[in-house]
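Each remark here refers to the structure printed beneath this line.
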Amino acid sequence: MKQVYPILLILILLAGCTSGGGVVVEKGDTVFVHYVGKLENGKVFDTNIQDVAENPVVEKTDTFNKHTVYTPLKFTVGAGEVIEGFDDAVIGMKEGETKEVTIPPENGYEWREDLTQVGQRVAVLDKVESVTFHDLTKATGLTEFVVGTVVPWREWKAEIVAVSDETVVLKSIVNTSTINTEVGSFDIVVDTGTITETFTPKEGAEIKTHTGKGKLSIINDTHFLIDFNPPLAGKTLVFDITVDTVEKAQA
């Protein structure tokens with residue numbers, strides 16, 4: 001009996017360890033998970049659960065996109081393949097377990113000032129200005145320039161008043177005090193020799209630049225901001241995570 005007792009004890013202990021769930025996730029393991037990602041207001045911004053994605057009752061963010069294929073998310077824990085807060089959340093979970101985790105921006109998507117640009121809302125332009133052939137062709141698509149021709153220029157039109165070897169002299173023709181666009185409005189004031197243009201961006205309007213797509217916002221009376229941060233930057237995220245499968249790291 002002395003030899004049997006330790007074996008029985010070990011079996012009892014093992015049974016106790018496995019009765020509470022499956023394999024426990026550790027750093028270095030490969031996991032397969034399903035998730036629902038939400039903002040603090042409850043709106044879903046991403047999920048790999050088809051029933052949630054296609055449920056019209058579930059509120060979604062404006063940036064929500066359905067997946068082409070709905071499969072578990074596979075990643076190696078601790079390898080930096082997902083955001084830090086998500087990575088940390090699965091450690092200690094078991095196969096089949098579901099839990100909700102709240103991830104602050106510093107462990108998710110931090111807002112970065114270096115991904116922004118500041119622009120001036122007010123510009124004072126010369127009513128008559130000299131433009132190179134190259135710049136005017138780029139702006140209008142024209143390749144021939146004749147005095148007296150009216151061409152599209154800036155947010156209005158301009159008349160060609162002189163042509164030299166490599167430049168064209170334009171005189172702006174402004175017949176409006178306000179110009180409305182998809183990204184905001186321009187208030188125009190014409191003086192004797194200048195045009196003052198004040199830009200009022202639409203809050204949150206998307207603009208395309210040579211560095212990518214950004215969102216507009218007003219800073220103050222003189223400046224506006226173009227924000228190239230991703231939509232989730234600076235936001236607290238809430239995830240419902242279910243661990244489907246755990247592949248233990250090789251020893």
For this session: Grab the other residues whose beta carbon is less than 13 angstrom from that of Gly92, score K and R as +1, D and E as -1, and report the net.
Result: -3
For this session: Evaluate the charge dipole of the chain about its Cα centre and quote only its size in Debye, nearest 20, assuming +1 on the Cβ of each Lys and Arg and -1 on the Cβ of each Asp and Glu.
Result: 520 debye
Exercise. If one computes the Cα centroid of region 46-110 and of region 220-250, what distance in Å separates the two points?
Worked result: 10 Å
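Counting Lys and Arg as +1 and Asp and Glu as -1, what is the net charge of the other residues whose Cβ lies under 14 Å from the Cβ of Thr200? Write down the numbers at each step before the final one.
Numbers: positive: Arg121, Lys202; negative: Glu155, Glu182, Asp187, Glu197, Glu203, Asp221.
So the environment of Thr200 carries a net charge of -4.
What does the net charge come to around Asn48 if you take all other residues with beta carbon closer than 13 Å to its beta carbon, with K and R at +1 and D and E at -1?
Here the charged neighbours net out to -3.
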For this session: Starting from the Cα-Cα distance between Val163 and Lys99, subtract it from 0.36 nm times their residue separation and give me the gain in nm to one decimal.
Result: 15.9 nm
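Throughout, read-outs are computed from the coordinates displayed, never taken from laboratory work. Note that the structure is predicted; figures quoted are calculated from it, not measured. Every residue, glycine as well, gets a Cβ built from its backbone with ideal geometry; the counts of neighbours run over all protein chains shown.
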